[in-house]
Amino acid sequence: MQVIKTKLAQFPIWQRNLYVLWFGVFMMGIGFSEVLPFMSLYVDTLGYFTAKQLSFYSSLTFSISYLTTALSSPFWGKLADTKGRKIMLLRASLGMAIVYALMGLATNVWILIILRGIQGLLGGFVSNANAMVATQTPKARSGYAMGVLVTGMTSGQLLGPFIGGTLASFVSYRVAFFITAAIFTLVFMLVLTLVKESFTPVSKEDTLSFKQVLQLLPNTKLTFGLFTTTMIIQMANFSISPFIALFVRQINATGLPTTFLAGLVTAMPGIATLLVAKRFGILGDRIGTYKMIMIGFLIAFMSLVPTAFVTTIWQLVLLRFLMGISNSTMMPAVQTLLTKTTPSAITSRVFSYNQSFQSMGSVCGPLLGSLVATQFGYRGVFIASAVLVALNAGWFSQISKSLRPQKK
């Protein structure tokens, strides 16, 4: 630990925290996603269920944490503005460690569902990491910093399912939860010892209400446009989640295992984001974040529509990679714009609201996918997502006129 401290000491505080928090959100991404491949199988071990009951309990177990995250994020954001971001990072990481250890001890499905709900309530690590980096980083480097942070979470989410699937092959599901708890404990220790924050607390009397926060925003429509864009990005990414393996099985003519190919297809957006998000963050600093967001909308539309007509697995892999490039243009740009258009006094609140919208996208995406798939088949989901992206692009273009370069 002392060696790490010595190496970090040569960097300015904002860059030091960026590197530590990159590792923190990377490990959080692994922890959150590594249990997902076997969550439904774990549910199946907690009782005797019919196929419909298992589907219902698995869906509820999956989605409830996102619902409770959406509800609790504004509260934690408000508290972060009065108590500081570091203490929120410590609360979230330690809380996750305890909850995941308890999940490994669950004796029935309702205990697991309740613990997943508590997991969402105790969340907020990523949004507070974003807020800390956003407020400490020089404005000229904000695109770079947010791009770096996005690669941490995305690469963790990418590696998590592979690690989780491998773990579950060698140890029991319960032990996998305990290992995840150990990962979160490591993050807690790193934040406690390495993250530095100079924070001036806001008194309780000076804490702003939601209405007062809105009044401080220079452009409320733009801010909520960014929130909505975050939600739509997440919906487009998650709409395929309920049936990705089934769609892969439908078009798989390679002879390779469907499970392997489904994992590859799922990983493609994350791989793309890991490879290019940092570069696009830097590019956004040069050409403007508005342009990056609009380019992202265009790439998303161009990847989603052809996906509805793929005939081979490799076409699907390529187009999901292209979808990841879209994410790489938009996610850092959205967070950078939030940073640049938000007073520092309410940064944590604004990022917590953004996380709430992202969590709603995680819930609404699979719901949209399931509803459309029952009526129009799996391919219809990609068309529906493309229409959603196009509508969002048109609306965002209208409310963000102030960001466009003025013609001479």
Problem - Residue list for the stretch 55-74, filter: touching a Gly at 6+ places or on another chain (Cβ under 9 Å) and not small (Gly, Ala, Ser) - result: Tyr57, Ile64, Tyr66, Leu67, Thr68, Thr69, Leu71
Problem - Complete set of residues in the stretch 100-110 that are in contact (Cβ under 8 Å) with a residue 60 or more places away in the chain and of a type outside the set (Ser, Thr, Tyr) - result: Ala101, Met103, Gly104, Leu105, Ala106, Asn108, Val109
Exercise for the section: Grab the helices (runs of 4 or more DSSP H) fully contained in the stretch 178-274, keeping just those with 2 or more residues being modelled with pLDDT under 85 and farther than 30 Å from Leu367 by Cα. Expected result: 210-216
Fill in the blank from the handout: Pairs returned, first residue in the stretch 55-71 that is farther than 9 Å from Arg116 by Cα and at pLDDT 80 or above, second residue that is of a type outside the set (Phe, Trp, Tyr) and not in a helix (DSSP H, G or I), beta-carbon separation under 6 angstrom, 6 or more apart or interchain, are Thr69/Gly123
Handout entry: Matching entry among Ile64, Ile87 (being surrounded by fewer than 18 Cβ atoms within 10 Å (Cβ to Cβ) and either in contact with a helix residue (DSSP H, G or I) (Cβ under 9 Å, 6 or more places away or on another chain) or not assigned by TED's automatic domain parsing to the domain that holds Ala182 (or both))
Key = Ile87
Fill in the blank from the handout: Within the stretch 225-257, of all residues that are surrounded by fewer than 21 Cβ atoms within 10 Å (Cβ to Cβ) and of a type in the set (Ser, Thr, Tyr), the one nearest to Leu368 (Cα to Cα) is Ser241
Exercise for the section: Confirm whether Ala134 is outside any loop (DSSP other than H, G, I, E, B), touching a residue at least 40 places away in the same chain (Cβ under 8 Å) and more than 20 Å from the chain's Cα centre (by Cα). Expected result: no
Fill in the blank from the handout: Checked pairs for the stretch 307-329, first under 17 Å from Arg379 (Cβ atoms) and in the same structural domain as Gly281 (by TED's automatic domain parsing), second among the polar types (S, T, N, Q) and not in a helix (DSSP H, G or I), C-beta under 8 Å and 6 or more apart or across chains, list as Ile313/Asn252; Ile313/Thr254
Exercise for the section: Of the numbered conditions (1) among the hydrophobic types (A, V, I, L, M, F, W, C); (2) at pLDDT below 80; (3) closer than 27 Å to Ile346 by Cα; (4) assigned by TED's automatic domain parsing to the domain that holds Lys78, Leu158 fails exactly one; give the number of that condition. Expected result: (3)
Completion exercise
Those residues of the stretch 258-289 which are under 25 Å from Lys340 (Cα atoms), surrounded by 20 or more Cβ atoms within 10 Å (Cβ to Cβ) and small (Gly, Ala, Ser) amount to Ala277, Gly281, Gly284
Practice task
Would you list the helices (runs of 4 or more DSSP H) that sit entirely within the stretch 48-124 and hold 3 or more residues that are farther than 30 Å from Leu194 by Cα and out of contact with any strand residue (DSSP E or B) (no Cβ under 9 Å at 6 or more places or on another chain)?
Solution key: 51-83, 109-121
Fill in the blank from the handout: Log entry, pairs with first residue in the stretch 23-46 being farther than 16 Å from Ala129 by Cα and in the same structural domain as Ala101 (by TED's automatic domain parsing), second being modelled with pLDDT of 85 or more and outside any helix (DSSP H, G or I), beta carbons closer than 9 Å, six or more apart or on different chains, reads Tyr42/Ala106; Leu46/Ala106; Leu46/Thr107; Leu46/Asn108
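The values are calculated or read from the model by the stated rules, or taken from the named source; none is laboratory data. All figures in this text were calculated on a predicted structure; none of them were measured in a lab. Note that each Cβ is placed from the backbone with ideal geometry, even for glycine, and that neighbours are counted across all protein chains shown.
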